[in-house]
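The values are calculated or read from the model by the stated rules, or taken from the named source; none is laboratory data. If you're wondering where the values come from, they're calculated on a predicted model, not measured in any experiment. Cβ atoms come from the backbone with ideal geometry, glycine included; neighbour counts cover every protein chain shown. Calculation scope for accessible area: heavy atoms of the full protein, side chains included, ligands and nucleic acids excluded. Shrake-Rupley method; radii C 1.70, N 1.55, O 1.52, S 1.80 Å.
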Amino acid sequence: MEGVFTPEIWVNVSLKTGIPELMRTTRDEPDYDKLMKYRIGILEQHGITLKYIQDVIASLDLLPGAHAFFDQVRDICQAVVVTDSFVEFAMPFIEKLGRPLVLCHNLETDHRGMITGYRLRQPDPKRRVVEAFQALRYKVIGIGDSYNDMGMIEQADQGIFFKPPDNVVRDYPQYPVSRDYEGLMGMITDALANLK
């Protein structure tokens, strides 16, 4: 979701709080658990609550062109958003995207409203979602931008990067890259034709 349809939440929290350590995302750190524990420690150190982060999220909009692109995709195939974000973060964006099925994680908080942990749906969740759809005999096109998308992209019948950083492209040069929604739509259309 983040980086494909929405701005990076943690980057925007970093900008709002002035805490540069929160700029680190899955584009920089491939170990999601390590990244989340790091973030939770920074939030605790600075007293940043879930409510504060939700207020930052409420001020954000979808990336320009994201809604129109998602509507185009839904006109030609079924679409599901699979994200390593959290229900507590994603709800405003789910509304703005027209309430698609979004599969995401949950946060744990304490009595102060501080984020103390998170619950993944299961290990390697994005890959498992693709495997589940494939077990139902669906063909899957996986689109992502970061290291945390690699399980999904590798498992998908066709994987595509959308605006990935150079380090991800360098590490996985076998996958096609789109830098805009028009190009991505063309790749999806071609993939659908090839997967029939």
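If you go through the range 1-16 and keep only what is surrounded by fewer than 18 Cβ atoms within 10 Å (Cβ to Cβ) and not charged (D, E, K, R), you end up with P7, V11, L15.
Of all residues in the range 58-67, none satisfies being open to solvent by less than 30 Å² (accessible area, probe 1.4 Å), among the hydrophobic types (A, V, I, L, M, F, W, C), over 17 Å from the mean Cα position of the chain (by Cα) and over 24 Å from I153 (Cβ atoms). Of the residues that make up the range 124-141, is at least one under 17 Å from T25 (Cα atoms) and in a loop (DSSP other than H, G, I, E, B)? No; the residues of the range 124-141 include none that is under 17 Å from T25 (Cα atoms) and in a loop (DSSP other than H, G, I, E, B). Residues in the range 25-52 that are basic (K, R) and either crowded, with 17+ Cβ neighbours inside 10 Å or more than 28 Å from I153 (Cβ to Cβ) (or both): R27, R39, K51. Across the range 15-31, the number of residues qualifying as hydroxyl-bearing (S, T, Y) and either in contact with a strand residue (DSSP E or B) (Cβ under 9 Å, 6 or more places away or on another chain) or under 19 Å from Y147 (Cβ atoms) (or both) comes to 2.
One residue stands out among those in the range 97-111 that are assigned to a loop (DSSP other than H, G, I, E, B) and either touching a strand residue (DSSP E or B) at 6+ places or on another chain (Cβ under 6 Å) or at pLDDT 95 or above (or both): the one that is nearest to P64 (Cα to Cα), which is P100.
A count restricted to the range 141-191 and to residues that are open to solvent by less than 20 Å² (accessible area, probe 1.4 Å) and closer than 23 Å to H67 by Cβ stands at 14. Can you find even one residue in the range 83-94 that is among the polar types (S, T, N, Q), buried (at least 18 other Cβ atoms within 10 Å of the Cβ) and in contact with a Cys (Cβ under 8 Å, 6 or more places away or on another chain)? Within the range 83-94, one or more residues are among the polar types (S, T, N, Q), buried (at least 18 other Cβ atoms within 10 Å of the Cβ) and in contact with a Cys (Cβ under 8 Å, 6 or more places away or on another chain). Considering the range 107-119 alone, what residues qualify as being within 12 Å of S85 (Cβ to Cβ) and open to solvent by 50 Å² or more (accessible area, probe 1.4 Å)? The answer is none; no residue qualifies.
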